[in-house]
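I have placed the structure first, in the form of structure tokens, so that the comments after it can refer back to it.
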């Protein structure tokens, strides 16, 4: 695959490499601001095919191919919106001439990332705590709905503050191209999202992390569900959970997923 050149009038926010690998993201400001996300392979065809099987078997993640990631995102955004959770909207427009899919037109959200808000030294801590409480409330409401419906699609496979806009008083989520495989236990998916979200929170609050945890817990309504997800993430004995903890300890010298879950459990 070769790199695709953007049409006239497109601002390149993210681009594939010279071989056409990696997603591209183009901003069009006329007639109304909107984004075109082009889903592209990340590796060679052989490695992509091998990764497709390994991620499903080992990580419980549904697909790494470009077309699979596009379908995951399309379904996830529609599902979250239908269930009342704020996400970027998918727009129904034809692709520009000469541009082939897989691709989606997406709403352009002109708002800072939640990560940026929490790292802003000029913003007072009470305002940051309010945002964190909203984040905990949103994550908790989705976990509760996912448990009630047995719906893995309501659990964010690669959560983090970098995938949330802070618009007005809304948390608008995006980047749902990862998804859990059918058959993944709900508690495993919830533990994975919780650990990733809290690690991201820890990196954005640093010396305020204990206070950030308190705000997050205050927002998360079903404390028993929170405790169960955190306990499974930190102590679950399935092979997948043990493997994930081992990999995390190797990759993260500080703010590891197991570490933040243990810190949370100590405060519940």
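Read-outs throughout are calculated quantities, based only on the coordinates presented, and are distinct from any laboratory measurement. Everything quoted here is computed from the prediction, not taken from an experiment.
In the chain, helical runs assigned H by DSSP with n ≥ 4 each contribute -39500 (n - 2.57); averaged across all residues and rounded to the nearest 500, the mean residue ellipticity at 222 nm is -15000 deg cm²/dmol. In Å, what Kirkwood hydrodynamic radius results for the chain from the alpha-carbon pair distances? Taking the inverse mean of 1/r over all distinct Cα pairs, the chain comes out at 19.5 Å. Find the centroid of the Cα atoms in segment 167-189 and in segment 142-163, then give the distance between the two in whole Å. Each part's Cα centre sits 4 Å from the other's. The long axis of helix 257-267 is offset from the longest Cα principal axis of the chain by roughly 40 degrees.
Considering every pair of different Cα atoms, what Kirkwood radius, in Å, is found for segment 114-267? Over segment 114-267, the inverse of the mean reciprocal pair distance is 15.5 Å. Per residue, the convex hull spanned by the alpha carbons of segment 1-40 comes to 55 Å³.
Rounded to whole Å, the principal axis extents of the Cα atoms in segment 60-138 read 48, 32, 24, largest first. How far, in degrees from 0 to 90, does helix 45-54 lean away from the longest principal axis of the Cα atoms of the chain, to the nearest 10? On a 0 to 90 degree scale, this one is about 30.
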